[in-house]
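The structure under discussion appears below in the form of structure tokens.
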Amino acid sequence: MPASAHPVYLDHAATTPVLAEVVDVVTRTMRDTSLGNAASLHAPGRAARRVVEESRERIAEALCVTPSEVVFTSGGTEGDNLAVKGTYAARRAADPRRDRVVVSGIEHHAVLDAVEHLVRGGARVTWVEPDPDGVVSPHALRAALEADGGPGTVALVSVMWANNEVGTVQPVAALAAEAHAHGIPVHSDAVQALGQVPVDLSAVDLGVVTGHKIGGPVGTGVLTVGRDQAPEPLAHGGGQERGLRSGTLDAAGVAGLAEAVALAVARRAEHAARLASLRDALIGGALTIDPTITVSGAWAPDDTTRRLPSNAHLRVPGCEGDSLLYLLDAAGVACSTGSACTAGVPRPSHVLLAMGVPEEQARGALRLTLGHTSTPADVEAFLAALPQALEGARRAHAAAGGRP
């Protein structure tokens, strides 16, 4: 398969190109020689602080929280770790009976591995499994809260806003209501959701977003922390960000993040409709090429509420997802088999297994995600490369002893 002269990028869920508007803001801010350390009291420091606080206000308005609830981080992984580990530590210290975390089985590894770390320290975990479409129901969460000693033993509930692999959007407000009825704080990783579906982080106690999924700078992010929440910090130092995240703030990066967040929210409806149209063309074309392909998660044409409009997740029988990925890459099409954070790990997706997908089917997964640079030509290029990639991947699977 000859590679395309212009590589087709269908892995926006891993990271998406920085927006031109964001580059302009970051560049302009970095060139302002009056900027100093935002923690300093002199004029250059106050100038940097003004950039940070004005950015904080823009982000708070876009995320439906107050400025004091916005804590700047390096991205989704740090935010998730601070929310999960810090809240567990604080709640357990306040009441030793709270030794349990209730977590969905489809979380990103930034949450799963943080929970595993807590378990090694003596915490208990109750997993809430999704339905076959990847949806965590309020009923399932209620049962998990009532299990293993009851709600009084729960330090934290964590359910992501939208899944990073199959694109399923969760009923976060209803789930939060279940936990809040027992006074239990809720954390939600909204990294994939922002800019694609409505995100109101006032519905949860701790919410996480990151810049590089929405056209912002890599290495920037936000953890929203409710005013009644006091997680234990993971790092100690100068006491910045309510004492939760010490360290010198990157004023230029924060300004770029604020621009990206504001644009993501302002453009969401138009952006979602355009991406859904491309997604539906991609899925429909793939199913026409090979009717044995299965779409993971909830999907209906034009739907932008149950599934992220950018996400197409396909399960291809008779082959390995990695083989498809490499063959498509050779043809100039960049995609993935799941989360970029677990790339290179030869095991089926924990998300698909939690959804009840058999391991053999889970191994043939392909994730294709669209973004602000995606065009109909990208979809056409993928569909043109798909038949030969399917043939090659199935041939390799058969040669390795799998069924053709």
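In table form, for the structure just shown:
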| item | result |
| --- | --- |
| Flag if Leu352 is in contact (Cβ under 8 Å) with a residue 60 or more places away in the chain, more than 15 Å from Cys319 (Cα to Cα) and of a type in the set (A, V, I, L, M) | yes |
| Filter result for Ala38 (surrounded by 20 or more Cβ atoms within 10 Å (Cβ to Cβ), assigned to a loop (DSSP other than H, G, I, E, B) and over 22 Å from the mean Cα position of the chain (by Cα)) | yes |
| The stretch 20-40 residues that are farther than 19 Å from Ile214 by Cβ and touching a residue at least 60 places away in the same chain (Cβ under 8 Å), paired with ones that are surrounded by fewer than 17 Cβ atoms within 10 Å (Cβ to Cβ) and of a type outside the set (Gly, Ala, Ser) (beta carbon under 7 Å, 6 or more apart) | Leu35/Pro44; Asn37/Thr248; Ala39/Thr248 |
| Yes/no for Gly122 being at pLDDT 95 or above and part of a loop (DSSP other than H, G, I, E, B) | yes |
| Residue that is surrounded by the most Cβ atoms within 10 Å (Cβ to Cβ), among those in the stretch 226-250 that are farther than 20 Å from His187 by Cα and free of Cβ contacts under 8 Å to residues at least 12 places away in the same chain | Gly239 |
| Residue selected from the stretch 200-225 under the condition in a loop (DSSP other than H, G, I, E, B) and out of contact with any helix residue (DSSP H, G or I) (no Cβ under 6 Å at 6 or more places or on another chain), by the criterion surrounded by the most Cβ atoms within 10 Å (Cβ to Cβ) | Asp205 |
| Residue in the stretch 137-157 that is within 16 Å of the chain's Cα centre (by Cα), under 28 Å from Ala365 (Cα atoms) and surrounded by 20 or more Cβ atoms within 10 Å (Cβ to Cβ) present | no |
| Selected residue (only one of Val261, Val265, Val316, Val254 is in contact (Cβ under 8 Å) with a residue 60 or more places away in the chain and touching a Phe, Trp or Tyr at 6+ places or on another chain (Cβ under 8 Å)) | Val254 |
| So Ala83, is it in contact with a His (Cβ under 6 Å, 6 or more places away or on another chain) and touching a residue at least 24 places away in the same chain (Cβ under 8 Å) | yes |
| Residue check for Asp302: touching a residue at least 12 places away in the same chain (Cβ under 8 Å), farther than 25 Å from Pro130 by Cβ and among the charged types (D, E, K, R) | no |
| Test: residue in the stretch 184-199 that is in a loop (DSSP other than H, G, I, E, B) and more than 29 Å from Val26 (Cβ to Cβ) | yes |
| Check on Leu278, outside any loop (DSSP other than H, G, I, E, B), closer than 30 Å to Cys319 by Cβ, touching a residue at least 12 places away in the same chain (Cβ under 8 Å) and in contact with an Asp or Glu (Cβ under 9 Å, 6 or more places away or on another chain) | yes |
| Any hit, the stretch 241-250, residues being at negative phi, at pLDDT 95 or above and not in a loop (DSSP other than H, G, I, E, B) | no |
| Some residue of the stretch 17-34 being part of a helix (DSSP H, G or I), acidic (Asp, Glu) and surrounded by 15 or more Cβ atoms within 10 Å (Cβ to Cβ) | no |
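For (1) in contact with a strand residue (DSSP E or B) (Cβ under 7 Å, 6 or more places away or on another chain); (2) aromatic (Phe, Trp, Tyr); (3) buried (at least 17 other Cβ atoms within 10 Å of the Cβ), each residue gets a yes or a no:
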{"residue": "His271", "(1), (2), (3)": "no, no, yes"}
{"residue": "Leu287", "(1), (2), (3)": "no, no, no"}
{"residue": "Pro291", "(1), (2), (3)": "no, no, no"}
{"residue": "Ser296", "(1), (2), (3)": "yes, no, yes"}
{"residue": "Pro301", "(1), (2), (3)": "no, no, no"}
{"residue": "Arg307", "(1), (2), (3)": "yes, no, yes"}
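The values are calculated or read from the model by the stated rules, or taken from the named source; none is laboratory data. As the structure is a prediction and not an experimental result, all values here were calculated from the model. For neighbour counting, all protein chains shown are included, and Cβ atoms are generated from backbone atoms with ideal geometry for every residue, glycine included.
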